[in-house]
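Here is the structure we will look at, set down as structure tokens.
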Amino acid sequence: MASSSILTIPNLLTFLRMALIPVFASLLVYGYTFSALVVFVIAGVSDGVDGFLARKFNQESELGTIMDPIADKLLMTTAFIILTFPGILPPVRHLPVPFWVTAAVIGRDVLIISVAGAIYIMTDFRGFVPSWLGKVSTLVQVIAVALVLFSAVTGYFIFLPTTYSIVVFFAFISGFHYIFHVARLMKEEEAKSS
């Protein structure tokens with residue numbers, strides 16, 4: 001059962017991740033790529049840790065359920081947008097991130113938010129939870145951004161073209177899978193209430 005408490009450790013970690021977004025963005029824009037990588041890794045690790053702690057210590061909350069995916073989407077959208085700008089990263093092959101990769105990442109989030117918003121307005125359904133494919137897609141994006149920053153810091157660009165293709169593949173399939181995932185959740189809720 002989800003708790004209504006706000007000041008739980010998982011929620012505080014989610015708030016920390018959101019607070020790190022402008023720090024990460026500023027470090028990138030001002031050329032502190034290694035420091036940006038460190039901050040991004042901390043933010044990425046906090047995402048896994050907050051979910052683990054919430055389950056382990058039964059501190060899952062309605063606020064956390066809403067804020068955690070929002071924090072993920074804000075972090076990843078910020079990262080991909082900035083990493084697409086020319087001149088932000090050092091001149092390494094396959095950088096900056098191609099626009100089509102960033103468009104796929106943002107397009108997936110727009111699709112998910114649009115579907116969820118439309119369903120909520122029409123049916124008042126609130127039981128939105130991430131799909132397993134959505135979690136895999138987010139993990140792939142986190143690894144991709146870390147690899148991009150690592151490449152920018154070290155000058156090694158190994159696996160970047162493949163990484164971009166994998167990011168787009170998972171963004172595409174997880175976005176469309178979410179529609180079917182939500183439809184199943186709605187059927188399950190209807191079955192419980194009938």
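The values are calculated or read from the model by the stated rules, or taken from the named source; none is laboratory data. Computed from a prediction, not measured in an experiment: that's the story for all the values here. As a convention, Cβ positions derive from the backbone with ideal geometry for all residues, glycine included, and neighbour counts pool all protein chains shown.
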Failed item, numbered, when Asp47 is tested on (1) farther than 17 Å from Val148 by Cβ; (2) touching an Asp or Glu at 6+ places or on another chain (Cβ under 7 Å); (3) free of Cβ contacts under 8 Å to residues at least 60 places away in the same chain: (3)
Identity of the residue in the stretch 58-85, in a helix (DSSP H, G or I) and of a type in the set (S, T, N, Q), that ends up modelled with the lowest pLDDT: Thr65
Verdict on Ala43 being assigned to a helix (DSSP H, G or I) and surrounded by 21 or more Cβ atoms within 10 Å (Cβ to Cβ): yes
Filter the stretch 167-184 down to the residues that are buried (at least 16 other Cβ atoms within 10 Å of the Cβ) and hydrophobic (A, V, I, L, M, F, W, C), then identify the one that is farthest from Pro90 (Cα to Cα). Val182
Would you be able to say whether some residue in the stretch 58-78 is over 16 Å from the mean Cα position of the chain (by Cα) and either among the β-branched types (Val, Ile, Thr) or closer than 24 Å to Thr154 by Cα (or both)? no
Go through the residues of the stretch 109-126 one by one and say whether even a single one is more than 13 Å from the chain's Cα centre (by Cα), of a type in the set (A, V, I, L, M, F, W, C) and closer than 24 Å to Val49 by Cα. no
Only residues in the stretch 28-44 that are free of Cβ contacts under 8 Å to residues at least 60 places away in the same chain count as the first member; pair them with residues that are assigned to a helix (DSSP H, G or I) and of a type in the set (A, V, I, L, M), Cβ under 7 angstrom, at least 6 apart or cross-chain, and list the lot. Val29/Ile82; Ser35/Leu27; Val39/Leu20; Val39/Val23; Val39/Leu27; Ile42/Leu20; Ala43/Leu20; Ala43/Leu75
Please work out which residue is surrounded by the most Cβ atoms within 10 Å (Cβ to Cβ), limiting yourself to the stretch 50-90 and to residues that are free of Cβ contacts under 8 Å to residues at least 24 places away in the same chain and over 27 Å from Leu27 (Cβ atoms). Ile66
